[in-house]
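None of the figures in this text is laboratory data; all of them are computed from the coordinates on show. Bear in mind the structure is a predicted one, so any value in this text is a computation, not a measurement. Note that each Cβ is placed from the backbone with ideal geometry, even for glycine, and that neighbours are counted across all protein chains shown.
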Amino acid sequence: MSAVAADPASVTGQLRPRVLTGPRAVVDLAAVAANTRLIADRTSAEVMAVVKADGFGHGAADLARTALAYGATWLGVTSVAEACALREDGIDAPLLSWLNGLDADFATAVASGVDLAVPSLEHLQALSGGAPGARVHLHLDTGLARDGADPHEWAALCLAAARAQHQGLVIVVGVMGHLPCVEHPGHWSTRLGRERFAWGVAVARRCGLRPRHRHLASTAATLTDPRTHHTMVRIGAGLVGIDPSGTTALAGALTLNAPLVSVREAPAGTAVGYGHAWTASVGTRLGLVPLGYADGLPWAASGRAEVLVRGVRRPLVGRISMDQAVVDLGDTGAGPRDTVTVLGPGDDGEPTAADWAHWSRTLPHEVVTGLGARTPRVVLPAPSPHLGGLR
Ligand SMILES: *Cc1c(COP(=O)(O)O)cnc(C)c1O
């Protein structure tokens with residue numbers, strides 16, 4: 001999404017429309033502020049705000065600044081490119097990048113003051129050779145068999161890191177892990193992950209390392225299991241109102257809405273859209289919504305999804321197309337000047353990211369990160385934390 005200021009008059013540039021019209025994604029940073037504060041109040045550990053994937057589709061820099069103002073002290077992203085983009089935006093908070101191939105631009109990361117996760121001996125070698133002086137967080141696989149060093153290789157990695165630190169090539173400041181099934185509080189794998197992490201830290205210490213930052217928990221573990229907190233928790237989904245554990249009411253931060261492009265009368269028997277997947281059984285009125293799967297509405301939600309029109313839920317009918325979808329307006333009386341809410345926090349009855357995820361058999365994470373590049377983003381600022389704070 002391209003970010004624009006809340007004031008449409010400030011949309012400038014010769015080729016841009018002078019007034020903001022059409023669909024828009026409204027990001028409410030007050031919600032991000034409230035979520036950050038709620039989570040920070042649940043732990044004595046530091047909070048790393050995870051702003052990967054353009055801040056879960058909400059805007060990485062906006063999410064980062066808001067979280068930092070409301071209790072986060074660190075930022076986390078996957079790639080060096082994401083980290084450098086935040087630095088270019090003028091954000092100088094402690095920042096960790098944890099997912100990079102051996103060909104990543106580690107030198108620029110180190111020059112930009114970006115900490116790097118080290119999941120393997122190869123990564124340690126690449127850093128020692130190409131980016132001496134790197135601050136690193138050794139990454140242990142604590143149960144996903146995905147990212148992070150295999151426990152069988154952990155001792156060798158710790159020893160090599162201690163040697164590299166002795167030679168002045170790296171500074172080991174952290175140890176990190178990640179848990180596989182935290183959306184199910186009490187899952188056996190969380191205990192196993194905790195034990196493996198404690199073992200990993202002990203091994204690092206026996207190798208002479210003193211990792212100051214020890215971090216294992218993401219949003220769900222932070223909200224359900226204090227034993228996972230250690231010195232820092234990494235919060236992504238929770239910042240934008242998604243609690244994978246389903247235990248805590250957080251505030252949705254994104255609202256996607258669009259004005260109807262047109263409205264037509266549809267007699268009984270009218271077949272709608274590609275494949276004629278829906279046919280009106282009684283006469284109705286159909287509204288055209290200028291958003292489709294290229295804008296992040298999952299095609300798989302076709303036939304199930306709803307939107308909010310004049311305060312009531314109405315079904316999208318027929319297949320969701322690339323750029324448009326059709327809503328059965330029924331007797332709402334809505335016309336082409338009405339705006340429909342496609343997705344939002346749910347406070348006024350509009351569908352949530354969780355609803356869209358349910359309709360398309362995916363995760364709310366995929367819904368919010370999929371919202372498209374061509375929808376202008378309107379940012380509602382958070383109140384200043386020093387001037388009375390949150391509403
Ligand atoms: C995305 C991610 C997080 C954040 O997880 P949430 O469930 O979104 O809070 C934390 N750690 C790692 C390694 C991640 O990839």
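Mind telling me which of A72, A160, A204 comes out most flexible in a GNM of the chain, alpha-carbon contacts under 10 Å?
A160
Please report the relative contact order for the chain, taking Cα pairs under 8 Å with a sequence separation of at least 6, and give it as a percent rounded to a whole number.
On the way: 905 pairs, mean separation 74.5, N = 391.
Relative contact order of the chain: 19 percent.
What span do the alpha-carbon atoms of region 80-206 cover on each of the three principal axes, reported in whole Å from largest to smallest?
Principal axes ranked by extent give 41, 33, 23 Å for the Cα atoms.
Hey, what angle do you get for helix 188-206 against the long axis of the chain, alpha-carbon based, 0 to 90 degrees rounded to 10?
30
Just to check, using Stokes-Einstein with a Kirkwood Rh over alpha carbon pairs, what's the diffusion coefficient of the chain at 25 °C and 0.890 mPa s in µm²/s? Display every interim value, and only then the final one.
Details: Rh = 22.6 Å.
Estimated diffusion coefficient is 108 µm²/s.
Under a 5 Å amide H to amide H cut-off, with H placed in plane at 1.01 Å, what residues pair with I171 once short-range neighbours are removed?
Here A134, R135, V136 satisfy the definition.
Compute, for the chain, the length of the dipole vector about the Cα centre, with Cβ point charges of +1 (Lys, Arg) and -1 (Asp, Glu) only. Units Debye, rounded to 20. Working shown, then result.
Details: 33 positive and 34 negative charges, 94 e Å.
It works out to roughly 440 debye.
Gaussian network model of the chain, Cα springs within a sub-10 Å range: biggest mean-square fluctuation belongs to which of R206, R196, R24?
Top of the fluctuation ranking is R206.
Given Cα pairs under 8 Å that are at least 6 residues apart, what percent is the relative contact order of region 78-208? Walk me through the intermediate numbers first.
Values: 197 pairs, mean separation 26.8, N = 131.
It rounds to 20 percent for region 78-208.
Taking H placed 1.01 Å from N in the peptide plane, check which residues at least 5 places from A382 or on another chain put their amide H under 5 Å from its amide H.
Placed amide hydrogens put L29, A30 under 5 Å from A382.
Would you mind checking which residues have amide H under 5 Å from L75's amide H? H placed 1.01 Å from N; only 5 or more apart, or other chain.
A49, L95, L96
Taking the mean number of other Cβ atoms within 10 Å as a proxy for protection, how do you rank 255-261, 237-243, 188-194 from highest to lowest?
Highest to lowest by the protection proxy: 237-243, 255-261, 188-194.
So what J values fall out for region 245-251 if you push phi through Karplus, 6.51 cos²θ - 1.76 cosθ + 1.60 with θ = phi - 60°, rounded to Hz, Gly and Pro as x?
For region 245-251, the Karplus-derived couplings read 7, x, 9, 10, 7, 10, 9 Hz, x marking Gly and Pro.
Which one of L343, L250, L121 has the biggest mean-square fluctuation once the chain is modelled by GNM with Cα springs under 10 Å?
L121
Local charge sum around D331 (other residues, Cβ-Cβ under 12 Å, Lys/Arg +1, Asp/Glu -1)?
Numbers: positive: R285, R310, R314; negative: D328.
Cβ neighbours under 12 Å give a net charge of +2.
Report the net charge of residues surrounding W299, where surrounding means a beta-carbon distance below 14 angstrom and charges are Lys +1, Arg +1, Asp -1, Glu -1.
Values: positive: R304, R319, R361; negative: D295, D323, E366.
Taking every other residue near W299 into account, the sum is 0.
Run the helix sum for the chain: -39,500 (n - 2.57) per DSSP H stretch of 4+ residues, divided by residue count, reported at 222 nm to the nearest 500 deg cm²/dmol.
Working: 11 runs with 108 residues, N = 391.
Calculated mean residue ellipticity at 222 nm is -8000 deg cm²/dmol.
Hey, if you put +1 on the Cβ of every Lys and Arg and -1 on every Asp and Glu Cβ in the chain, which of G241, L316, W359 ends up farthest toward the positive end of that dipole?
In the chain, that residue is G241.
For the chain, which cysteines have no disulfide-compatible partner, meaning no other cysteine Cβ under 4.7 Å?
Cysteines lacking a close Cβ partner in the chain: C84, C181.
Ratio of alpha-carbon Rg to the 2.2 N^0.38 Å globular estimate for region 270-391, to two decimals, please.
Rounded to two decimals, the normalised Rg is 1.17.
What are the semi-axes of the equivalent ellipsoid for region 71-136, taken as the square roots of 5 times the Cα gyration tensor eigenvalues, largest first, in whole Å?
Numbers: eigenvalues 77, 26, 20 Å².
Semi-axes (√(5λ), whole Å): 20, 11, 10.
If you plug each phi of region 261-267 into the Karplus form 6.51 cos²θ - 1.76 cosθ + 1.60 with θ = phi - 60°, what whole-Hz ³J(HN,Hα) values come out, in order, with x for Gly and Pro?
7, 7, 9, 10, 6, 10, x
With everything on Cα atoms, drop me the angle between helix 29-40 and the longest principal axis of the chain, reported from 0 to 90° to the nearest 10.
Taking the Cα atoms of the chain, the angle to 29-40 is about 40 degrees.
Quick one: what are the phi-derived ³J(HN,Hα) couplings along region 54-71, Karplus 6.51/-1.76/1.60 with θ = phi - 60°, whole Hz, x for glycine and proline?
Going residue by residue, I get 6, x, 6, x, 9, x, 4, 5, 5, 4, 4, 4, 5, 4, 5, 6, 10, x Hz, with x marking Gly and Pro.
Which angle from 0 to 90°, rounded to the nearest 10, does the C-alpha axis of helix 151-166 make with the longest principal axis of the chain?
Computed tilt is about 60 degrees.
If you add up the charges near R42, with Lys and Arg at +1 and Asp and Glu at -1, over every other residue whose beta carbon is less than 12 angstrom from its beta carbon, what do you get? List each step's numbers first, then the result.
Working: positive: R37; negative: D41, D225, D243.
So the environment of R42 carries a net charge of -2.
Between A145 and R361, what length comes free when the chain is fully extended (0.36 nm per residue of separation minus the Cα-Cα distance, one decimal in nm)? Intermediate results must be reported in sequence, preceding the final value.
Values: separation 216, 0.36 × 216 = 77.76 nm, distance 2.43 nm.
Length gained between A145 and R361: 75.3 nm.
If you restrict to DSSP beta bridges whose two residues both lie in the chain, what percentage is antiparallel, to the nearest 5? Before the final figure, lay out the partial values.
On the way: 26 of 58 bridges.
Rounded to the nearest five, the antiparallel share is 45 percent.
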